[in-house]
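Working notes for the structure below.
The values are calculated or read from the model by the stated rules, or taken from the named source; none is laboratory data. Since the model is a prediction, treat every value here as computed from it, not as a measurement. Heads up, the Cβs are rebuilt from the backbone with ideal geometry, glycines too, and the neighbour counts pull from every protein chain shown. Surface accessibility is based on the protein's heavy atoms, side chains included, excluding ligands, DNA and RNA. Shrake-Rupley method; radii C 1.70, N 1.55, O 1.52, S 1.80 Å.
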Amino acid sequence: MPAGDAIAASSGGQTWYVNGGGGTRYSSNQPGGQCNGTSSAAYPGSGVNQNCAFKDIRSLWTDGSNPGDPKAGAPGWGWIGSSGDTYLIDCNGALCRIGQNGPNGGDYYGGLYGNPYESGAPLPINGTPNAHTRILGANYASCTTPAAKAHVNGGFGVWAVFSLQGASYVDVACFDITDFSSCGASGQANQCHRDFPLDDYAINGIQTNNTTTNTTITDVNIHGMASAGMLGPTGDGVVVTRVSVSGNPSSGWNMDDGSGTTGSGHLTLSYFTTQWNGCAEEYPVVDAVPYGDCTDDNSSGYGDGVGTATASSNPGWIMNIDHSVAANNTQDGFDVAHLQGNGSSLSISNSLAYGNMGQQLKMGSAGTAINNLFVGNCNALRQAIPGTPAGYNAKLSDYCRASDVPVMLTVTDGATTKYLNNTLYTANSIGVEAGTANGSCTTTCYFQYENNIFLGFQNSPANGYPNGSGKFPTPIYFDSGVSVLGLSGSSFTNNLTFHARDNWTCPQTAWNEQNAICADPGLVDETYHLYGFGNMSPGPSSIVIGGGIALPGVLTDYSNIKRSISSPAIGAFEGTAASALTP
């Protein structure tokens with residue numbers, strides 16, 4: 001996917017500049033200010049109100065006047081410019097701190113004295129369908145590497161570095177967001193000091209809500225915040241592309257902001273990575289895997305990679321996740337168990353989940369999972385993972401929470417849940433659990449389970465379970481009491497099952513399974529990794545190649561290789577040319 005493809009082209013609005021050669025902001029409140037921000041040029045060395053860049057990112061929304069009260073209004077507070085403008089930020093040599101300069105507030109750029117939580121970047125000026133407001137790192141056109149991003153840090157108690165609550169037709173791209181602190185807001189040994197004087201930290205990276213609409217977030221890395229990388233649900237038309245949330249001690253993206261609301265409309269996450277959340281990122285970084293002081297729900301922590309609020313959407317929330325990764329989070333990986341109501345649904349494809357302490361995927365309404373790789377190694381963080389700080393997992397204990405199941409799907413009356421061409425390695429008690437939405441499953445809750453690989457491993461000490469049963473997993477379990485796969489309208493065909501529980505028959509004749517393969521799939525790496533994952537693509541002579549059934553809409557595989565029209569492979573990979581979608 002090319003860089004910058006989710007960012008609207010400029011439609012001719014004013015461009016405002018921040019760079020290391022700029023000067024102080026000129027305004028009616030600051031007549032001695034050096035630059036007006038309308039040019040990328042450096043301050044010439046003399047004069048006021050020159051056509052040159054600002055040297056401080058905060059000059060885009062405050063002139064710093066007495067003392068920059070967020071409620072004062074422009075030019076004291078509020079984004080400079082107009083709807084549809086572009087803000088081009090080069091942090092090389094510029095001041096890219098967001099929040100107060102000191103621990104007690106009231107400074108030149110800080111914001112409201114005594115209330116640091118309002119001192120992050122305020123809500124941008126909304127754009128229009130034909131002229132988005134754009135907040136961009138200078139290298140936004142080619143910003144896939146960490147070095148290319150504009151490095152921004154929040155500090156001294158900022159609630160959210162960037163607020164997009166209520167943003168509409170706004171593009172944010174090409175930023176690295178952190179707080180240069182290792183403290184956490186809750187559950188961590190190194191607690192952030194939240195009374196005056198404040199520690200130098202920022203609580204969340206980006207905040208949204210269900211009035212955030214038609215907004216894109218592209219090429220952004222959020223890491224090491226004091227709580228969540230991202231906070232809040234979204235409204236319609238939000239697209240998140242090549243965004244990473246890592247090492248945030250509460251969660252990666254907590255879509256439950258505590259307001260009792262949830263999202264609606266369409267949300268797309270592409271090439272999204274959420275990893276090592278529930279752990280604090282070191283600062284300064286000294287270890288190769290710089291995440292420690294991990295907590296879970298047994299130690300006052302949280303730890304979801306992505307989590308949703310317990311509320312029904314109105315209208316429905318349609319979430320699409322593709323080419324994404326959830327790994328080594330201290331609770332669930334992709335937890336969208338509460339995505340429900342009014343036609344809400346999840347589609348997840350070409351994605352990878354492993355090493356999360358709870359479930360790798362929770363799907364809360366009838367949805368679709370296609371071409372995914374799941375590894376049920378929920379004991380991963382129990383291990384001494386190379387590169388981590390000593391004792392990184394000392395507070396962790398709730399391994400394999402939520403019934404020891406890697407994939408939880410939901411079936412509901414009047415809808416079809418689809419689980420197609422997925423590959424699952426697991427030593428859990430159960431492989432795939434099908435639950436119900438609001439307890440509703442009678443005779444029209446359909447389940448399409450086709451072209452999947454299930455490879456089971458013993459639930460044993462050797463596979464990470466100190467008190468394991470020693471048994472292989474049960475591949476599929478229905479907690480509703482209704483054997484959904486046996487219902488007319490469901491389909492159960494062309495799956496490979498190997499090493500299942502001793503009371504599981506293959507083929508599963510009770511549910512009229514068709515064209516089952518009950519043998520070793522012959523994949524490249526069939527070992528169970530206590531942490532991480534191996535190459536789960538077929539070997540040259542694998543029996544899964546050509547063993548599947550053609551399915552509408554499943555035209556490519558996990559690696560975007562075109563599938564056979566008549567006889568595709570079973571599992572996530574079409575052939576032997578696997579490409580690892582690693583964080």
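Could you tell me the largest-minus-smallest coordinate of the C-alpha atoms of the stretch 346-497 on each of the three principal axes, in descending order and whole angstroms?
53, 29, 26
Where only protein heavy atoms count, and the probe is 1.4 Å, what is the accessible area per residue for the chain in Å²?
Numbers: 19670 Å² over 583 residues.
I get 34 Å² per residue for the chain.
What does the charge count near Asn535 come to, summing +1 for each Lys or Arg and -1 for each Asp or Glu among other residues with Cβ under 13 Å from its Cβ? Mind dumping the intermediate values first?
Values: positive: none; negative: Asp525, Glu526.
Spelling it out: positives minus negatives among the neighbours equals -2.
At a Cα cut-off below 27 Å, give the lysines reachable from Lys395, other chains included and same-chain residues fewer than 8 away excluded.
List returned: Lys362.
Just tell me which aspartates and glutamates come within less than 19 Å, Cα to Cα, of Lys562; anything on the same chain fewer than 8 places away is out.
Asp322, Glu450, Glu574
How large is log10 of I(q)/I(0) for the chain at q = 0.12 Å⁻¹ when the intensity is taken from the Debye formula with one equal scatterer per alpha-carbon?
Here the Debye-derived log intensity ratios amount to -1.12.
Accessible area of the chain with a 1.4 Å probe: how many percent of it is carbon plus sulfur?
Whole-percent figure for carbon plus sulfur exposure: 50.
Accessible surface of Lys55 in the full protein assembly, 1.4 angstrom probe, to the nearest 10 Å²?
Accessible area, nearest 10 Å²: 80 Å².
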